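As structure tokens, the structure follows; a few thoughts come after it.
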Amino acid sequence: MAKSKSAPNKKSAKVDCLGMGIMPLDLLFGVSRYPVAGEKIDGLSLTIQGGGPVPNTLIGLTRLGCKTSIIVAVGKDILGELSVSEIERENVDTTHLAFKRTSSAVAAGFVEQKSGRRTLVLNRKVFVTPADLNLAKLPIPRILHLDGRDLEATIKLAKWGKKIGALVSFDIGSIRNDVSPVFPFVDHLVVADSYAYPFTKTADTKKAIMYLAKYGPAVVVITEGTKGQIGFESGEFYRQKAYRVDTVDTTGAGDAFHTGYLYGLLNGMEMSQRLKFGSAVAAMNCTKMGARAGMPKLNDVKKYLERNPKTYD
């Protein structure tokens, strides 16, 4: 297992975080309950908002005061225009977008009113290829944040990140394609239990962490929803309970956790502090509809933690 290291000094970087990942436009219908097959029900609300794990995290980091930039492929259509205009309003640098002559990614789903549970369907026909990456023109980041959906491009970028001395962070929420070839180039592997358990073939969190750590990441974190998170760094396990809130929508909760975790990493926080800060940002994000609306400002997170919020047992 590689030794854990800190984020590079600000003086040697152009941005705090450079990210690459999918950026679908999310159409979220609020419903009183999930419909059964063949049933028609009335929606309570409709939220149209940009999505994608990496864009959501970059927006979250920007709201916390960080400088961010994104690499993403979008189609030359109205969906792409809406997604790009939204992320630009959030002050994420979009210099390195790849525009394609195809349709942009879109996701649609239901959000259950009482529980905040959500189900999404993604349609994506736009991809980042290795040829889209002009490494010489990319800004040097302190952290490189990836989601692995375009694996060849992800590996190329991760190798570049290691070469220039950036910390490489990786987010994967579910099993769609085999992303393990990128793991040897990752410093901080932060994944959802819905990915970790099926991939490692165990529901024992600590065993799953040790299995993932054998691939090379110096730090491994598994998020478990309302059960909280377990992290592993420098031979030690760390546990953080999830904060209890009046949940409106869990869409983007994992992305919000990455926001807080990476902010902590950028600011020299120890693992226990990173998990706590990430858990707070995730909880706050669940109080509004959509993956981004609830992403807080830095002072709001600090005030939230000062109140010593309750956790799930």
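Read the figures in this text as sums done on the coordinates, not as results from a lab. In this text the structure is predicted, and so the values were computed from the model without any measurement. Here the Cβ positions follow ideal geometry from the backbone for every residue, glycine too, while neighbour counts run over all protein chains shown.
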Subject >> Amide N of the stretch 54-78 lying under 15 Å from the label point, which is placed 7 angstrom from the Cα of Asn299 along Cα→Cβ >> reply: 63-65
Subject >> Model label zone, Glu152; criterion: amide N under 16 Å from point 7 Å along Cα-to-beta-carbon; scope the stretch 65-92 >> reply: 73
**OP:** Could you give the spread of the C-alpha atoms of the stretch 1-113 along their three principal axes, from largest to smallest, in whole angstroms?
**Re:** 57, 36, 29
Original post:
Using the Cα gyration tensor of the chain, with a ≥ b ≥ c the square roots of its eigenvalues, what is the shape: rounded (a/c below 1.5), prolate (a/b larger than b/c) or oblate (neither)?
Top reply: rounded
Original post:
Taking amide H positions as placed 1.01 Å from N in the peptide plane, with prolines and chain starts having none, which residues 5 or more places from Thr247, or on another chain, fall under 5 Å of its amide H?
Top reply: none
**OP:** Calculate the length of the line joining the C-alpha centroid of the stretch 1-55 to that of the stretch 182-235, in whole Å.
**Re:** 20
**OP:** With a point put 7 Å past each Cα toward its Cβ, work out how far Lys159 is from Thr287 in nm, to one decimal.
**Re:** 4.6
Subject >> Label zone at Leu44 (point 7 Å along Cα-to-Cβ), backbone N below 11 Å, the stretch 103-123 >> reply: 111-117
Subject >> Dipole magnitude of the chain, debye to nearest 20 (Cβ charges: Lys/Arg +1, Asp/Glu -1, about Cα centre) >> reply: 620
Original post:
With each pseudo-label sitting 7 Å past Cα toward Cβ, what's the Thr95-Ile175 distance in nm, one decimal?
Top reply: 4.1
**OP:** Fewest Cβ neighbours within 10 Å first, please rank Met269, Met289 accordingly.
**Re:** Met269, Met289
Original post:
When the convex hull of the Cα atoms of the stretch 78-140 is projected onto a plane and the area is averaged over all directions, what value comes out in nm²?
Top reply: 6.4
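Would you mind ranking Leu305, Leu275 by Cβ crowding within 10 Å, fewest neighbours first? Can you show the working numbers first?
On the way: Leu305 14, Leu275 25.
Fewest-to-most Cβ neighbours within 10 Å comes out as Leu305, Leu275.
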Original post:
Taking the highest mean first, how do the peptides 276-288, 35-47, 229-241 order by number of other beta carbon atoms within 10 angstrom per residue?
Top reply: 276-288, 229-241, 35-47
Original post:
Taking square-rooted eigenvalues a ≥ b ≥ c of the alpha carbon gyration tensor, is the stretch 77-202 rounded, prolate or oblate, where a/c under 1.5 means rounded and, failing that, a/b exceeding b/c means prolate?
Top reply: oblate
Original post:
Of Arg244, Arg274, Arg142, which has the largest mean-square fluctuation in a 10 Å C-alpha GNM of the chain?
Top reply: Arg244
**OP:** Would you calculate the separation in nanometres between label points at Lys125 and Asp204, each defined as 7 Å from the Cα along the Cα-to-beta-carbon direction?
**Re:** 4.7
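Taking 10 °C and 1.306 mPa s as the conditions, I'd like the Stokes-Einstein D for the stretch 151-269 in µm²/s, using the Kirkwood hydrodynamic radius from alpha carbon pairs.
107
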**OP:** For each of Leu18, Leu265, count neighbouring Cβ atoms within 10 Å of the residue's Cβ, then give the residues from fewest to most.
**Re:** Leu265, Leu18
